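Read the figures in this text as sums done on the coordinates, not as results from a lab. Keep in mind the model is a prediction, meaning the values are calculated, not measured. Because the Cβ atoms are built from the backbone with ideal geometry, glycine has one as well, and the counts that use them run over all protein chains shown.
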């Protein structure tokens, strides 16, 4: 039962093999038994989940039902959930219970999907290892001494360990794709604006995008069908019609032109990871695709531009946490300045404070042009690189991460080492285009992720390509012993 | 570019963060490394480029000027650290 993804569970529910209440109860029991070792959940929604499951079973008996009704799912703890704590991995929001649901959560509730709980994450999604969470590090189910990746590390570990069949996640610089790679999952970051950000706690508003962590491309398509769409409550949500993202899954890949960026295969890339990626590319050739070497000449500038733009936006977004209307408040302030400063210093962790300060500096008088405007011009260069590449090829492929998962604590000395973790993923967020990471091999029994990057609003095509690869290979069905 | 402990203290003040002496030293070192990373941007010639503030370049949508929010005062104040008679309580700021 626990090896199943969303599609399998939906089929079993429809066939009456088990009820939503039964599968939900089974998952809740498994989480309680196994998650002590992984720490992938911050909050378990036991009562709420069972009530949702019973309602889904009743609706199914009456014949009124969505395809995914009664299927359990976990939400990253960045999505607001009415009546259930939403911490964003921070002490600042340890006592925060939102009075409303994020649009993403509301869409799943309307479809009758059951919320098992809220998953652990790097504090305010700032991290690439899930080590900055106020609730402690998450352990990778493939090897518990290793990180699951971040910032959606709890969602990834939970799905990899079968503590949820799938989970929502968010990606600002690689926070869906890198954990997907480290945990052997399919991780989709849609086009910026495809999924509503309303009720999704803001980190860097021009980069943040909600997406999926699943066991297959088919499951990602099923989730995106629920999540995608225009939302008048998010002014950056794009008003372009959605499609049935499962419709093109079975199209053959004959004639597909794949671009291979030379900059993603340079000296920083682990040789065994590279071999696995090359093997995956050969598999695509067997499926009828052709490979073409391309150049993204400014990709080496993406991390530096990102670490101006993302902290600048974060410093503005996180100025709202002042201890007045919600969230953490310090004890016995001596005056208003002390009240703000201690509330924020006690409520935020080290990495969040560091990024707020970098952003404050980049936006301060005298530095604005040299840093912020310069970074936005680099952003233009990076977008132009992708536009030029897509004139020649349909999609771009390469490694998601330069190596497999690393040891907990091994990269926490210098923040810059951690920032370079996202070297292959960050440019995609700056350009706003969609990307997906899929399992493409194992190195020393640890998963390797292949990143597929597409044009704006090409999610359906990316899922088709990923699905065809998953029909021809079984990397996505590999699973850790737990 | 180097940054002093005093600079760090000033930036922390602008961001309304309290920072200890030990944290200042640590922050000055990590700032130096981060600015080293960021300064790689300066190698690119961007004179002819327009800044890109948003990946999907569309104008902000407008809507009719209608009341769409319902009154949720009680729900919103339930999660406040301190409230009394519908008002948020903060330390005394005017002597």
Query - Relative packing of peptides A:54-60, A:354-360, A:19-25, A:447-453 - highest average C-beta neighbours within 10 Å first - result: A:447-453, A:354-360, A:19-25, A:54-60
Report summary line: Between the alpha carbon centres of segment A:319-367 and segment A:400-434 the gap in Å comes to 26
Query raised in the report: Which order results if A:258, A:42 are arranged by neighbouring Cβ count within 10 Å, fewest first?
Result: A:258, A:42
Query raised in the report: So, how do all the Cα-to-Cα distances of segment A:99-163 break down into 5 Å bins, in percent, from 0 on up?
Result: 4, 19, 22, 19, 17, 12, 5, 1
Report summary line: Ranked on Cβ counts within 10 Å of their own Cβ, fewest leading, A:306, A:135, A:361 go A:135, A:361, A:306
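What's the exposure ranking of A:201, B:29, A:294, going from fewest to most Cβ atoms within 10 Å?
With the fewest neighbours first, A:201, B:29, A:294 line up as B:29, A:294, A:201.
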Report summary line: At q = 0.19 Å⁻¹, the log10 of I(q)/I(0) for segment A:200-337 from a Debye sum over equal Cα scatterers comes to -1.31
**Report entry** Three-way shape call for segment A:8-121 based on the alpha-carbon gyration tensor, with the a/c threshold at 1.5
**Finding:** oblate
Query - Cα-based shape type of segment A:300-377, given that a ≥ b ≥ c are square roots of the gyration tensor eigenvalues and the cut on a/c is 1.5 - result: prolate
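Rounded if a/c is under 1.5, else prolate if a/b is larger than b/c, else oblate: which is the protein assembly as shown, with a ≥ b ≥ c the root eigenvalues of its Cα gyration tensor?
The shape class here is oblate.
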Report task. Consider a paramagnetic label point 7 Å from the Cα of residue B:26 along Cα→Cβ; state which residues of segment A:393-417 have an amide N under 14 Å from it. Result -> A:412-415
Query raised in the report: Which whole-angstrom value gives the distance between the alpha carbon centres of segment A:447-482 and segment A:39-99?
Result: 27
